[in-house]
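Inspection log for the structure reproduced underneath, given as structure tokens.
The values are calculated or read from the model by the stated rules, or taken from the named source; none is laboratory data. From a predicted model like this one, the values you see are computed outputs, not experimental measurements. Here the Cβ positions follow ideal geometry from the backbone for every residue, glycine too, while neighbour counts run over all protein chains shown. Only protein heavy atoms, including side chains, enter the accessible area calculation; ligands, DNA and RNA are left aside. Shrake-Rupley method; radii C 1.70, N 1.55, O 1.52, S 1.80 Å.
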Amino acid sequence: MEIYDTAIYRMACQQFDQVADHLQIPESERGRLKYPKRSLTVALPVHRDDGSTEVFAGYRVQHHLTLGPTKGGLRYHPDVTLGEVAALAMWMSWKCALTGLPYGGAKGGIACDPGKLSMNELERITRRYTQEMISFIGPQVDVMAPDLGTNEQVMAWIMDTYSVHMGCTVPSIVTGKPVGLGGSLGRREATGRGVGYLINRATDTIGLDISKTTAAVQGFGNVGSVTALSLARYGVKIIAVTDAFGGVFNPNGLNLWDLDKHVAAHKTVAGFGEAEPITNEQLLVLPCDILVPAALERQINEANAGKIQCRILAEAANGPTTPEADRILTERPEIFVLPDVLCNAGGVIVSYFEWVQDLQSFFWSETEVVDKLFRILEGAYTQVVTLSKKQKLPMRLAALSLGIKRVQEAKRMRGLFP
Ligand code: NAD
């Protein structure tokens, strides 16, 4: 599977191998659990606003098809590669299995910088990508959702392009779309809300009074901003946030409502008043109770893992901690890790609710959505903590073991085909 070979794909495979050793999965079963079932790479020629034509690379990877359709986000970022998308698809598989969703994992991406594209250019790229994916996706085949650099509007364009091809409106082709087009109440907030819920549970587990804690959040997009707000509602003081353009720090706590207004006006947290500037590197090693990486993968590495000064590391982003950093964290039992496959699962859980609502054309209230979300998260959290304590496993190994074992069992029951 050399086509996927990148640092992040190797990282996902290393994690899998570690869990497979722990679960004593026979060699003969490892290949079909690990390698993506199929992937599609497309060239997307698009007219730029200045009249020129540019070709963008697009990818979609479906990791396994054993338990139902595949499910996973679509990412717009200049560094997107097939290998990155494959790693993210693999993590989605374990996350869906851990939380009991009837999906395999998938992920997609386009190598582009959405910040440097006009709305019209973004729309043309998105529609072209969807057109190329028509035969590869479907409500019972593969369902996309927002991720880094994509949002409700992007999902609306995908749904529209797909629906035009099918000759009827097909809302269940994507999740995370606007509520007015069949989106679910509570989907936009789901990931950050789930992160907040699990951090609250983690403070119970390690005996911290959440109302007296401080937090630092890396990334202030969908997940980071909603996590910060959700933590503030539990009484947490948010002392630092960063994004791709800079960061701000105030030991007395940042006023998130004013910060939101600043971000709406300036598209970055940088330059927010009543706070000192702070870099990403500084934020990650800041003394605080709760550290939330909510931006990119591989942020906590061999160089900074020994210097992190938090009690709870809540991995809101996918893959923010490298395996080398993980080994260092395992030697630091004072840090309680909420691993990504558990910590940010709120997003795919409410995506699942959205898909179910679309298939039934029967929509739920936000209270129902949040209640069901917390119930699933509670079940997954309890299972992971129980296994971790019983077998003295790090939280990541416990979470991945539960997810991988379920996929292994399903594959054993079905046979070689899916
Ligand atoms: P987003 O595009 O809404 O926000 C990303 C944020 O990260 C922005 O504030 C951006 O400025 C910041 N950022 C980018 N590069 C950075 C850098 N080098 N340093 C610091 N900040 C940087 O994306 P999102 O949807 O919030 O996703 C964030 C993470 O959460 C990703 O890892 C994604 O895979 C993961 N995730 C998202 C969802 C979801 O529902 N959106 C669900 C599960 C996991």
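Kirkwood hydrodynamic radius, segment 111-151, all distinct C-alpha pairs: what's the number in Å?
Numbers: mean 1/r = 0.0873 Å⁻¹.
Hydrodynamic radius (Kirkwood, Cα only) of segment 111-151 equals 11.5 Å.
Could you work out how much longer the chain between Gln309 and Asp209 gets when fully extended? Use 0.36 nm per residue separation minus the Cα distance between them, nm to one decimal.
Taking Gln309 through Asp209 to full extension adds about 34.2 nm, to one decimal.
I'd like the GluC sites (Glu not before Pro) in segment 257-366 restricted to DSSP loop residues with at most 16 other Cβ atoms within 10 Å, sorted by number.
Sparse-neighbourhood loop GluC sites (Glu not before Pro): Glu274, Glu302, Glu331, Glu334.
Report the semi-axes of the equivalent ellipsoid for segment 82-153 in whole Å, largest first, where each axis is √(5λ) for an eigenvalue λ of the Cα gyration tensor. Mind showing how you got there, number by number?
On the way: eigenvalues 118, 41, 24 Å².
Taking √(5λ) for each eigenvalue gives 24, 14, 11 Å, largest first.
Any idea of the accessible area per residue across the chain, 1.4 Å probe, to the nearest Å²?
Working: 16830 Å² over 418 residues.
Here the per-residue accessible area is 40 Å².
Tally Lys and Arg at +1 and Asp and Glu at -1 over the other residues with C-beta under 15 Å from the C-beta of Thr242: what net charge comes out?
Computed value for this residue: -2.
By a straight-distance test (C-alpha under 23 Å), which lysines pair with Lys372 as possible cross-link partners, with residues fewer than eight away in the same chain excluded?
Leaving aside lysines fewer than 8 places away in the same chain, those within reach of Lys372 are Lys71, Lys95, Lys177.
How much solvent-accessible surface does Lys405 expose, in Å² to the nearest 10, with a 1.4 Å probe and all protein chains in place?
Its accessible surface works out to 90 Å², give or take rounding.
With N residues in segment 47-132, what two-decimal value do you get for its Cα radius of gyration over 2.2 N^0.38 Å?
1.24
Give me the extension gain from Met413 to Lys267: residue separation times 0.36 nm, minus the current Cα-Cα distance, reported in nm with one decimal.
Full extension of this stretch gives 47.6 nm more.
Of all DSSP beta bridges in the chain, what percent run antiparallel (nearest 5)?
45 percent
Can you spot the aspartates and glutamates whose alpha carbon is less than 20 Å from Lys212's alpha carbon? Ignore those fewer than 8 places along the same chain.
Asp204, Asp289, Glu334
At 7 Å along the Cα-to-beta-carbon direction for both Val141 and Tyr35, put a label point, then send me their distance in nm to one decimal.
Simple spin-label model gives 2.2 nm for this pair.
Relative to 2.2 N^0.38 Å, what does the C-alpha radius of gyration of segment 136-221 come to as a ratio? Two decimals please.
With N residues counted in segment 136-221, Rg over 2.2 N^0.38 Å equals 1.47.
For q values of 0.17, 0.20 Å⁻¹, compute log₁₀ I(q)/I(0) with the Debye formula on a Cα-only model of segment 325-404, without solvent.
So the normalised log intensities are -0.73, -0.88.
If you count, for each residue, the other Cβ atoms within 10 Å and average over each peptide, how do 290-296, 340-346 line up from highest to lowest?
340-346, 290-296
Rounded to a whole number, what % of the accessible area of the chain do carbon and sulfur atoms account for, probe 1.4 Å?
Carbon and sulfur together cover 53 percent of it.
Please state the relative contact order of the chain as a whole percent: Cα pairs under 8 Å, 6+ residues apart?
Reported as a whole number, the value is 16 percent.
With all distinct Cα pairs included, what does the Kirkwood hydrodynamic radius of segment 186-231 come out to in Å, to one decimal, could you say? Mind showing how you got there, number by number?
On the way: mean 1/r = 0.0920 Å⁻¹.
It works out to 10.9 Å.
Can you give me the Rg/Rh ratio for segment 1-155, using Cα atoms for both radii and the Kirkwood formula for Rh?
Taking Rg over the Kirkwood Rh, I get 1.01.
Would you kindly calculate the translational diffusion coefficient of segment 18-86, applying Stokes-Einstein with the Kirkwood radius from alpha carbon pairs, for 37 °C and a viscosity of 0.692 mPa s, and quote it in µm² s⁻¹ without decimals?
221 µm²/s
Using a cut-off of 13 Å between beta-carbons, work out the net charge of the residues near Leu416 (Lys and Arg +1, Asp and Glu -1, Leu416 not included).
Residues close to Leu416 contribute a combined charge of +4.
For the chain, compute Rg over Rh where Rg is the Cα radius of gyration and Rh is the Kirkwood radius from the inverse mean 1/r over Cα pairs. Write out the running numbers ahead of the final one.
Working: Rg = 20.4 Å, Rh = 21.5 Å.
When Rh is taken as the Kirkwood radius, the ratio is 0.95.
Hey, what's the per residue convex hull volume over the C-alpha atoms of segment 237-314, in cubic angstrom?
Taking only Cα atoms, segment 237-314 has a hull volume of 90 Å³ per residue.
Let me see the pair-distance distribution of segment 268-418: every alpha carbon pair, 10 Å bin width, integer percents in order.
With a bin width of 10 Å, the distribution comes to 10, 30, 30, 21, 7, 1, 0.
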